[in-house]
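Down below is the structure, laid out as structure tokens.
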Amino acid sequence: MATFDDFLKLDIRVGEIIKAESFEKARKPAYKLWVDFGERIGIKKSSAQITECYKPEELIGKQVLGVINFSPRQIADFMSEVLVLGVYAEQGVVLIQPEQSVKKGDKLG
């Protein structure tokens, strides 16, 4: 069972998607995302299997939550640097977003 201390090890921040494109080389349908986490953290890349609920052009400007302190993961020819968080719903993966607009880089607490 995970402890509260385990949760505290995760660095979950708010970022804004600034670029999204189809990831043709991924084994499962996915998008390549570029997420801006603000001046201190910068722009990080992520591979996200969210194609059932979103089109790439709809993602631009969306604020999302991402785990920024996992080790980067090579997926085909793309290095995924953060894990963008979503909910496995009946219609597909739905992104977790702040209810109100917040500053890029704000930490989940």
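The values are calculated or read from the model by the stated rules, or taken from the named source; none is laboratory data. If you're wondering where the values come from, they're calculated on a predicted model, not measured in any experiment. We place every Cβ from the backbone using ideal geometry, glycine too, and count neighbours over all the protein chains shown. Keep in mind that these areas ignore ligands, DNA and RNA; they rest on the heavy atoms of the full protein, side chains included. Shrake-Rupley method; radii C 1.70, N 1.55, O 1.52, S 1.80 Å.
Placing dummy labels 7 Å off each Cα toward the beta-carbon, the span from K28 to D77 is 2.3 nm. 3J(HN,Hα) along segment 90-106: 4, 7, x, 7, 10, 5, 8, 10, x, 5, 10, 5, 10, 6, 4, x, 4 Hz, from the Karplus curve 6.51 cos²θ - 1.76 cosθ + 1.60 with θ = phi - 60°, whole Hz, x for Gly and Pro.
Here's how it looks for L83: its modeled amide H is under 5 Å from those of V67, F70, which are all 5 or more places away or on a different chain.
Could you sort out which of K9/K104; K9/K62; K19/K103; K28/K103 sit more than 28 Å apart by Cα distance in this structure?
Values: K9/K104 20 Å; K9/K62 25 Å; K19/K103 18 Å; K28/K103 32 Å.
Exceeds cut-off: K28/K103.
First compute the accessible area of segment 25-89 with a 1.4 Å probe, then give the percent of it belonging to carbon and sulfur atoms.
On the way: 1920 of 3930 Å².
The computed percentage sits at 49.
For Cα Rg over 2.2 N^0.38 Å, several values are listed as (1) 1.25; (2) 1.38; (3) 1.04; flag the one computed from this structure. Working out Cα Rg over 2.2 N^0.38 Å from the coordinates points to (3). The string of couplings for segment 41-48 from the Karplus curve (6.51, -1.76, 1.60, θ = phi - 60°) is 9, x, 8, 10, 9, 8, 9, 10 Hz, one whole number per residue in order, with x for Gly and Pro.
Treating cross-link reach as a plain straight distance, find the aspartates and glutamates whose alpha-carbon is under 12 Å from the alpha-carbon of K55, omitting any fewer than eight places away in the same chain. Those aspartates and glutamates meeting the cut-off are E21. Remark: segment 71-84, residue by residue, has Karplus-estimated 3J(HN,Hα) of 5, x, 10, 6, 10, 6, 9, 10, 9, 8, 9, 9, 9, 6 Hz, where x stands for each Gly or Pro and the curve is 6.51 cos²θ - 1.76 cosθ + 1.60 at θ = phi - 60°. Under a 5 Å amide H cut-off, with hydrogens placed 1.01 Å from N, K19 pairs with W34 among residues at least 5 apart or on other chains. Over all other residues within a Cβ to Cβ distance under 11 Å of I43, the charged ones net out to 0, with Lys and Arg as +1 and Asp and Glu as -1.
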